[in-house]
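Engineer: To start, I am sharing the structure in question, which I have written as structure tokens.
The values are calculated or read from the model by the stated rules, or taken from the named source; none is laboratory data. The structure displayed is predicted, hence computed values, not measured ones. Because the Cβ atoms are built from the backbone with ideal geometry, glycine has one as well, and the counts that use them run over all protein chains shown. We work out accessible area using only protein heavy atoms, side chains counted, and drop any ligands, DNA or RNA first. Shrake-Rupley method; radii C 1.70, N 1.55, O 1.52, S 1.80 Å.
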Amino acid sequence: MSLNLFRSTIRAARTSASSGSRFMTPAYITLSSNGRCMSTGAAKLADINPSRLEVVRTSQPGVPPPSSSLKFGHTFTDHMLTVPWDVVSGWGVPKIEPYGPLQLEPSCTVLHYAQTIFEGMKAYRHDDGRVTLFRPDMNMKRMNTSAARIALPTFDGEAMLELIKQLIRIDKDWIPREPGHSLYVRPTLIGTQKAIGVGPPSEALMFVILSPVGPYYPKGFKPVSLYGTTEFVRAAPGGTGAFKLGVNYAPGILPQKQAAEQGYAQNLWLHGPEHYLTEVGTMNMFVVFGKGDGSYELVTPPLDGMILPGVTRDSVLSLARRHASKSYTVKDLPEQITVSERPVTMAEVRDASKNGTLIEMFGAGTAAVISPVDRIGYRGEDVHVPTGKDGMGPLSRPIWRELVGRQTGEIKSDWSVEI
């Protein structure tokens, strides 16, 4: 991609941000009202149909382990959901069945060409017994854009969500009751064509597994340290950084390992000779600057094709914008804030740290919700980031409380979708 085209991409992202865009879909992907990607000239194939669901319950139900022993992503519930697809008939019969191994041939395309996408969301048990998901419609829309990007089949997001709800209803006893705990939901779509060759698969499989999880910070917030990574690139203009593909994650393991060896918890992915901030580990990045008039600027990089459009990212921006416009009040959030989706460089962050205008930095994602940052290793020195006594800052703290309140039902919100 030429430098001029890269700059035009940044300008387009700025225009989108200033016009109030929330979930940026690439121009070559069109979403229908139910979150499915639309294509022209395609034959009409069967879509996902919840009325066809078959349920086979396990004959040996497990016993959920003590919540105190939970390790993220290591414990799974009794059942899983599978929905096959093929190029001749479309989506087949959905099936909820006992959790167990998938039967795949060694020639399956997912094993050779990384034809796999996934999502991550959480189900929460409320004090009154209700179970809800947090903004699951956005996960279904993003999953469809990811599928379209690597030529996997798209689907009716509302229908898929209904199947996920049914799976959660069956395994709802696995949802921990303790505060801060939840049920992690992992929908995955893989290419299963039994032939070696690069191309759109003739067969695919959607499956969903569930995992009870504890709080990301069981002993209170602990700010993380970041390594400003310039030796490796997470994403580039025109690439796949804006999509939740399996292929985007494995290349980050070695840089993460090397960052840990230098004493840092995560990578801060920097792009280009200007060292633009993009993402932190697998989370979106936010920076807060103090202004001369006592106000704050909340900044996050724009959705320029390299940034994953995170659900938590969108939620943070939405709450902050509504608060700034005085159409909604986030308790304890400062009144005078400006919300910006704009490029930000490490030079700007470093200078702000030195002159005292850097207020805080934090990552945002499904697993941690909010993850505060206290230092960044950059060019042989540490750039220090202020944190409060509880590890958080003046903007991240009230935003985190608001998000968690909506997720757990303490704050009523149409973002919570009842199972």
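Engineer: Name the residue that is nearest to residue 248 (Cα to Cα), counting only residues in segment 287-303 that are open to solvent by less than 40 Å² (accessible area, probe 1.4 Å) and either at pLDDT below 95 or under 16 Å from the mean Cα position of the chain (by Cα) (or both).
Structural biologist: The extreme case among them is 303.
Engineer: Any idea which of 338, 387 is assigned to a strand (DSSP E or B), open to solvent by 40 Å² or more (accessible area, probe 1.4 Å) and polar (S, T, N, Q)?
Structural biologist: Among 338, 387, only 338 is assigned to a strand (DSSP E or B), open to solvent by 40 Å² or more (accessible area, probe 1.4 Å) and polar (S, T, N, Q).
Engineer: Need the failing condition index for residue 342 against (1) over 23 Å from residue 310 (Cβ atoms); (2) among the basic types (Lys, Arg); (3) under 24 Å from the mean Cα position of the chain (by Cα), just the number.
Structural biologist: So residue 342 meets the others, but not (1).
Engineer: Output the number of residues of segment 71-92 satisfying the condition of being at pLDDT below 95 and either at negative phi or more than 25 Å from the chain's Cα centre (by Cα) (or both).
Structural biologist: Counting residues in segment 71-92 that are at pLDDT below 95 and either at negative phi or more than 25 Å from the chain's Cα centre (by Cα) (or both) gives 2.
Engineer: How many residues are under 30 Å from residue 173 (Cα atoms) and in contact with a helix residue (DSSP H, G or I) (Cβ under 8 Å, 6 or more places away or on another chain) when one looks only at segment 208-245?
Structural biologist: Result for segment 208-245: 5.
Engineer: Going by the structure shown, is residue 329 of a type in the set (Val, Ile, Thr) and in a loop (DSSP other than H, G, I, E, B)?
Structural biologist: Values: of a type in the set (Val, Ile, Thr): yes; in a loop (DSSP other than H, G, I, E, B): yes.
Yes: the conditions hold for residue 329.
Conditions tested, residue by residue: (1) of a type in the set (Gly, Ala, Ser); (2) within 19 Å of residue 378 (Cβ to Cβ); (3) touching a Gly at 6+ places or on another chain (Cβ under 8 Å).
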residue	(1), (2), (3)
258	no, yes, no
264	no, yes, yes
286	no, yes, yes
291	no, no, no
298	no, no, no
304	no, no, no
311	no, no, no
318	yes, no, no
